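Take a look at the structure below.
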Amino acid sequence: MSAIAVEPSRRGIVGALPRAAARALLLPLGLAALWGLWEGYRWLGIRGHWTWPFKVNDTNMPHLSKIWHAFGQPLQPDGPPLRHYLWHYALFTGKEALAGFALGAVIGFLLAVVLAHSTLLRRGLLPYIVVSQTVPILAIAPMVVLGLGTKGVNPWVAVAVIAAYLTFFPVAINTLRGLHSPEPRALELMRSYAAGRWKILWRLRVPASLPYVFSALKISATASVIGAIIGETPASLQGGLGYAIVNFNQYYSTQPANLWATIIACALLGITFFLAVVLLERLVLKRAPEHVA
Amino acid sequence: MSTIVQPVPRSVGRQIGRTALDWIPAVAVFAIGIGAWQGIVVAFHIQEFLLPKPTAIGHAFWTQKSVLWSQGIYTFKEALGGYALGSGLGILVALLFAAWRPLAGAFMPYAVAANAIPIIAFAPIMNNWFGLLNPFSKMAIAGVLCFFPVMINTLRGLTSVHPSSIELMQSYAAGRLSVFRRVRIPNALPHIFTGLKVATVLSMIGAIVGEYFGGPIEALGVKILNDSSYGNFTDAWAGIVMASLLGIVFYAVVALAERLTTSWHPSARAFHTE
């Protein structure tokens, strides 16, 4: 059910080796193609004075090499290079996202365990959990950050709360599905051994739910990073990637490469979170018979 | 970008219930929730800037309803434009990929990687490209956000056809085009709608967050941000209520379209009979 996470089909090691090699080859090829597209479009656009859909010039589409160089350029004369700042910004935002991710995942999991055992609570709460998804949740970000901030709560905690809010939904829904996924026969077997609710929960339901939980965690990993970045922007919370985006956005007309470099840092942070969950999944679910996407 | 959201599976819909009786607990929770909110705010003297009373939000919403409505519609138009653009392109690209698989093999790893990056971070770039006050800048970010879930879900639907259906069609000497028309596309409809439902929320988020990075005063996102930075939290919450209502209506309309167009599908039938 993961909206978009695409699972690779699992084959033996023999099948995996050439595929890994092909993938390793595909990456530089794809990056080269992206580079060619960017520079090609830029070249054509500047020559042809394209103004639709947007004006192609050095500001709107800086040379990729310029963006690359921006990482090494100092922000102030004699200061450390941009990549030094971005590294610390990414650590700060990563800390918020990680705290929010952990909080949201635990709340989502516990909520699912409670809901799995009570039809009444399910009927009462599930509609709102679902409706909360049709609400543009990020719209609440300024409220939470500024509201908690005036109350003396450390701003990064407020940002983590937003990241947690974005994390909890996929985890709760998917865990609930996973807890209900064991076959009736397996439940009957457990009951025939006189296993109680807790035993069934820990021995049968939770292990069965793990693949579902991980497919939710993969979605939540990026969602928590998004929550942290967007949560920082309204509060102008200094020291994070969201702040860097707002800051460099103001100087876009003179130094566009800085904003692009920051966005690349955001992308790398998101991919790092995603890959960390994938790695964790491989370790935990090593012996799972199959993956449920 | 693995979006902030994912589709609600049918099994969950089943658990929520369908008859009026099943909805009683939900209505009770709503009443208790609003009552508790009001009670806690009054009892503990929680300041307005932290959490306004529901009655105060309701009052602010009512007195500003015409302004909120015009701001909401402005933002909704941006979201709708981006939605049409991103989803349309997503479906077209998926059809292309399904017709010519090697292309899909080459591009899908990038689509998955794009899934893992916070695309919303590109909102300021779109504002710079298309102009802060140009609604197209918000449509563009909403469109990019919608594109990936719709494309990936559509492709999954188009390619997850039972081989025997294809063999049957081939035994009738059906061409590629009619296999697409009669098997692949109908089979993909539930998947396409899964993507389209996710995209409704994403397009609203794209438009509103795009406005957080700058936009005209007529826009809902600008209003919410301005109100909250000037400390008018009750007004900001009223803006959020408007955004939520529009988001819910948008989602409900697409869900209704899904009901109407896929009621014949086995997965929908199972949902009704179980």
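If you count, for each residue, the other Cβ atoms within 10 Å and average over each peptide, how do B:71-79, B:248-256, B:24-32 line up from highest to lowest?
Sorting B:71-79, B:248-256, B:24-32 by mean packing, highest first, produces B:71-79, B:248-256, B:24-32.
Using the alpha carbon gyration tensor of chain A, what are the three equivalent-ellipsoid semi-axes (square root of 5 times each eigenvalue), largest first, in whole Å?
Computed over chain A, the values are 42, 26, 16 Å.
Cut-off under 27 Å on the C-alpha distance; same-chain residues fewer than 8 positions from A:K95 excluded. Which lysines are left, in chain and number order?
Within the straight-line limit of under 27 Å, A:K95 reaches these lysines: A:K151, A:K218.
Sort all Cα-Cα distances of region A:43-163 into consecutive 10 angstrom bins from zero, then give the percent of pairs in each bin up to the one containing the longest distance.
11, 21, 22, 24, 14, 8, 1
Over chain B, one equal point on each Cα, no solvent: what is log10 I(q)/I(0) by the Debye formula at q = 0.07 Å⁻¹?
One equal scatterer on each Cα of chain B leads to -0.33.
How big is the dipole moment of region B:54-273 about its Cα centre under a simple scheme where the beta carbon of each Lys and Arg is +1, that of each Asp and Glu is -1, and everything else is neutral? Debye, nearest 20, please.
780
Projecting each Cα onto the charge dipole of the protein assembly as shown (Lys/Arg +1, Asp/Glu -1 at the beta carbon, about the Cα centre), which of A:L37, A:W202, A:S224 comes out farthest on the positive side?
A:W202
Stokes-Einstein diffusion coefficient for region B:133-274 at 20 °C in a medium of 1.002 mPa s, Rh from the Kirkwood formula over Cα pairs: what value in µm²/s?
The estimated diffusion coefficient comes to 121 µm²/s.
Which whole number gives the average count of other chain Cβ atoms within 10 Å of the Cβ atoms across peptide B:236-246?
Going residue by residue through B:236-246 and averaging, the value is 4.
Take the Cα atoms of region B:207-265, find their three principal axes, and give me the spread along each one in whole Å, biggest first.
Extents along the principal axes: 52, 22, 14 Å.
In a Gaussian network model over chain B where Cα atoms closer than 10 Å are linked, find which of B:G131, B:G215, B:G239 has the largest mean-square fluctuation.
B:G131
Averaged across A:217-226, how many Cβ atoms of other chains sit within 10 Å of each residue's Cβ atom?
For this peptide, the per-residue mean of nearby foreign Cβ atoms is 5.
Highest mean first, how do A:272-284, A:150-162, A:255-267 rank when packing is the count of other Cβ atoms within 10 Å averaged over residues?
A:255-267, A:150-162, A:272-284
Of B:G206, B:G143, B:G88, which is the most mobile in a GNM of chain B whose springs link Cα atoms less than 10 angstrom apart?
Looking only at B:G206, B:G143, B:G88, the biggest GNM fluctuation is shown by B:G88.
Treating the angle as unsigned and between 0 and 90°, give the value, to the nearest 10°, between the Cα long axis of helix A:82-116 and the longest Cα principal axis of chain A.
Between the helix axis and the principal axis of chain A, the angle is about 20 degrees.
Whole-Hz Karplus ³J(HN,Hα) for region B:166-176, in order, using 6.51 cos²θ - 1.76 cosθ + 1.60 and θ = phi - 60°, x for Gly and Pro?
5, 4, 4, 4, 5, 5, 8, 6, 7, x, 4
Only Lys, Arg, Asp and Glu count, each charged at its Cβ (+1, +1, -1, -1), so figure out the dipole size of region B:21-179 about its Cα centre, rounded to 20 debye.
220
Work from the charge dipole of the protein assembly as shown (Cβ charges, +1 for Lys and Arg, -1 for Asp and Glu, about the Cα centre) and give the residue of A:L126, B:I208, A:H69 farthest towards its positive end.
Positive-most Cα among the choices belongs to A:L126.
Would you mind giving the mean number of other chain beta-carbons within 10 Å of the Cβ of each residue in A:140-148, as a whole number?
6
Under the √(5λ) rule applied to the eigenvalues of the Cα gyration tensor, what semi-axes describe the equivalent ellipsoid of region B:142-181? Give them in Å, descending.
29, 10, 4
Give the Debye-formula value of log10 I(q)/I(0) at each listed q (0.14, 0.20 Å⁻¹), with one equal scatterer per alpha carbon of region A:93-198, two decimals each.
-0.66, -1.04
Charges on Cβ only, +1 for Lys and Arg, -1 for Asp and Glu, centred on the Cα centroid of region B:73-205; of B:W129, B:S87, B:A173, which one is farthest towards the dipole's positive end?
Result: B:A173.
If you place +1 on the Cβ of every Lys and Arg and -1 on the Cβ of every Asp and Glu, how big does the dipole about the Cα centre of the protein assembly as shown come out, in debye to the nearest 20?
1760
Using the eigenvalues of the Cα gyration tensor, what equivalent ellipsoid semi-axes result for region A:72-123 when each is taken as the square root of five times the eigenvalue, whole Å, largest first?
On the way: eigenvalues 422, 9, 6 Å².
Equivalent-ellipsoid dimensions as semi-axes: 46, 7, 5 Å.
Based on the alpha-carbon set only, what is the convex hull volume of the protein assembly as shown divided per residue, in Å³?
Convex hull volume per residue, Cα atoms: 182 Å³.
Across 10 Å bins from the origin, how do the percents of Cα pairs in region B:77-156 run, short distances first?
Using 10 Å bins, I get a P(r) of 20, 44, 28, 7, 0 for region B:77-156.
FYI, it's all coordinate maths here, none of it is from the lab. What you are looking at is a predicted structure, and each value in this text was computed from that prediction instead of being measured. Here Cβ is always computed from backbone atoms with ideal geometry, including for glycine, and neighbour counts include all displayed protein chains.
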